[in-house]
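Please read the structure below before turning to the comments.
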Amino acid sequence: MTLAPPASEAQQAPSGFTAEGLPHHLLLPPDLRLTPEQFALVCEANPEAVLELAADGQLIAMTPTGGSTGRRNTRLSFQLEHWARTQGGWEVFDSSTGFRLPDGSVLSPDAAVVRAERWQALTPEQRRGFPPLCPDLVVELVSASDEAPRGAQALRRKMAAYLANGAQLGWLLFPEQKAVEIWHAEAEGSVPAPRRLEPASLLEGGTLFPGLVLELEEIWAG
């Protein structure tokens, strides 16, 4: 999910209205298409909204996560951050970070890992906005009550999009089944069917992410 920093105008507006006097809850036409730059402005004007942008410019309204999923997200991020600090050379991002992918979409995985050298190559302005890169590793959590666009099929489409845009590895976690789908691009432009592990208690990053081991039982506990 993508959360933008609060806009000062929106903070000063009367309750229920924007600074321009418009109601906060507006119905958007289904054929509305935005550029990534316009999407950034929409996020800035709606700091409480949870949004993503599809490659075709369509807005995707996400739902906030429930308590169990939020707790699992925290444990997931903690494990990734501990590995990154111990291993060195990696940056970890949480679910509020939107990445501007090469296809023009702006997507927010539940957790993401980027090589430090790729992050350091960005300008300060690029780092403040939606980083114009696809993470090297993306992780998504499926919750028991997931509905589109947070449903399993929607997350599978996101996984395919991440790999098509340059991600090296994707992990789709199913806590209720204690299962994992491993998405791995075997060749440039190729996105093979995921490999499913069930039940799963450990995930290893292998040669792509040396030393990375996820203790899944801690995440499954919720």
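Averaging over every viewing direction, what projected area does the convex hull of the Cα atoms of the stretch 67-220 cover, in nm²?
8.7 nm²
For TRP119 and THR207, compute 0.36 nm times the residue count separating them, minus their Cα-Cα distance, and round to one decimal in nm.
29.6 nm
Could you run the Karplus curve 6.51 cos²θ - 1.76 cosθ + 1.60 with θ = phi - 60° over the stretch 118-132 and give me ³J(HN,Hα) per residue in whole Hz, x for Gly and Pro?
6, 5, 5, 6, 6, 6, x, 5, 5, 5, 5, x, 7, x, x
A short reminder: the numbers here are calculations on the coordinates, not readings from a lab. On a predicted model such as this, the values are computed, not experimentally measured, just so you know.
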